[in-house]
1. Label the protein assembly as shown by shape, choosing from rounded, prolate and oblate, from the square roots a ≥ b ≥ c of the eigenvalues of the Cα gyration tensor; if a/c is under 1.5 it is rounded, and otherwise prolate applies when a/b is larger than b/c, oblate when it is not.
2. For the protein assembly as shown, report the accessible area per residue in Å² (1.4 Å probe, heavy atoms, rounded to an integer).
3. So how much accessible surface do E and C hide from each other in total, probe 1.4 Å, in square angstrom to the nearest 100?
4. Could you check the simple spin-label distance between F:R41 and E:N6, using points 7 Å along Cα→Cβ, in nm with one decimal?
5. Among F:A21, F:A65, F:A12, determine the one that fluctuates most according to a GNM of chain F built with springs between C-alpha atoms less than 10 Å apart.
6. Please name which of B:L27, F:L42, D:Q15 has its Cα lying farthest along the dipole of the protein assembly as shown towards the positive end, using unit charges on Cβ (Lys, Arg +1; Asp, Glu -1) and the Cα centre as origin.
7. In the full protein assembly as shown, how much of C:K30 is accessible to a 1.4 Å probe, in Å² to the nearest 10?
8. Rank E:R18, A:R26 by accessible area, highest first, at a 1.4 Å probe radius?
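The values are calculated or read from the model by the stated rules, or taken from the named source; none is laboratory data. All values reported here derive from a predicted model rather than from experimental measurement. We place every Cβ from the backbone using ideal geometry, glycine too, and count neighbours over all the protein chains shown. The area values use the complete protein model at the heavy-atom level, side chains included, leaving out ligands, DNA and RNA. Shrake-Rupley method; radii C 1.70, N 1.55, O 1.52, S 1.80 Å.
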Protein chains: 6
Amino acid sequence: MDLIPNNSLKTATPQEGRELALKMARLVIKATQPDGEVRTRLRPEYAESSDSLIAIGQVVATEFATIAAANDYWR
Amino acid sequence: MDLIPNNSLKTATPQEGRELALKMARLVIKATQPDGEVRTRLRPEYAESSDSLIAIGQVVATEFATIAAANDYWR
Amino acid sequence: MDLIPNNSLKTATPQEGRELALKMARLVIKATQPDGEVRTRLRPEYAESSDSLIAIGQVVATEFATIAAANDYWR
Amino acid sequence: MDLIPNNSLKTATPQEGRELALKMARLVIKATQPDGEVRTRLRPEYAESSDSLIAIGQVVATEFATIAAANDYWR
Amino acid sequence: MDLIPNNSLKTATPQEGRELALKMARLVIKATQPDGEVRTRLRPEYAESSDSLIAIGQVVATEFATIAAANDYWR
Amino acid sequence: MDLIPNNSLKTATPQEGRELALKMARLVIKATQPDGEVRTRLRPEYAESSDSLIAIGQVVATEFATIAAANDYWR
């Protein structure tokens, strides 16, 4: 199963780096819970809970730290 | 959808770096829950819960670590 | 709103770095919940909960990591 | 007990790095709870809870940060 | 209030670095909850809860990462 | 009390680095809750809770990040 789109941490811009961070976070959840119906059922559970949304923000921030370093912060 | 204002991690000062960290954290939540009405409904849930406020502080600290490194700590 | 006192990550000593970490963590909470009365009402909620106190410790540790790096660990 | 497949952090690609991160995270859980029956019983508990799935995403992101650095970000 | 013993991140050994991490974590809690009686009352709450003990482990690990970097990993 | 076996972050291999991370995480819990009977009583509480097991995985990942850097990623 695909865990990183294009199998690369390189992105052209910070915006694309954020999009990659979001995708990488989602793909880990998909790998752990491959059943699409269960994931669909869980969606309102996290999308309408502020604590879940904040926790997702934490995961994305952590993934992005790695992506940003890999791209030498797009300097 | 915009995930980083100006598509850049560069800021002139640490203060602007903190503001960017706050914005980046919010934009991930917006990307995950695009319905503005739901986000408005959730606001009291996190803004009046000390644990949610602390968790937001954790996300902002993590985003800021990346922004600070990207700006070579404004040295 | 002020998010970093003196708009600087530079401090003379590790002790001042810790104080800055505490202040930066508090200022994010203030930015998210600007109503001083609500923050005062929340105080016993976190100051008398061991889990909240530990979570605050986690935020401060994360902010301090950035401040310490910015000061080249006061070497 | 094996805690890292092949006793190495080196991987050929980011995709393999993500797979290693997932395995390393699982092996710590296995080391802490060696009873396979208990782990099987716990599976629906985390695979059908959005908060558990997000927390797993956090662990994998943290393991991956180390693996990515070990591989110099596959640059 | 003292937030870092000896106002220094330097330690002679990794063991002393761990002790410093534990002290730094405790001093933040003390700064947030200065009332010694409250802290004493909270002690069984966290010392007999596995989740609180694990969360303390997380804070100490984060503080130690900074201390270890400050000591160039005692190499 | 011993907080790091052999008072060293150096290990011969990544596998030994993971074992050290597990031990370091456990020793912090032991330092915070020195009563062996209480720790034994808590064992089923965390070993049969998926969320506790995931949280332990998070601590170990954080400790390992430091150990891996200290060993220059065993390159």
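1. Note, shape of the protein assembly as shown comes out rounded.
2. 42 Å²
3. For E against C, buried area totals roughly 2400 Å².
4. 3.8 nm
5. Comparing F:A21, F:A65, F:A12 in a Gaussian network model of chain F, the most mobile one is F:A12.
6. Result: D:Q15.
7. Number for this one is 90 Å².
8. Greatest to least solvent exposure: A:R26, E:R18.
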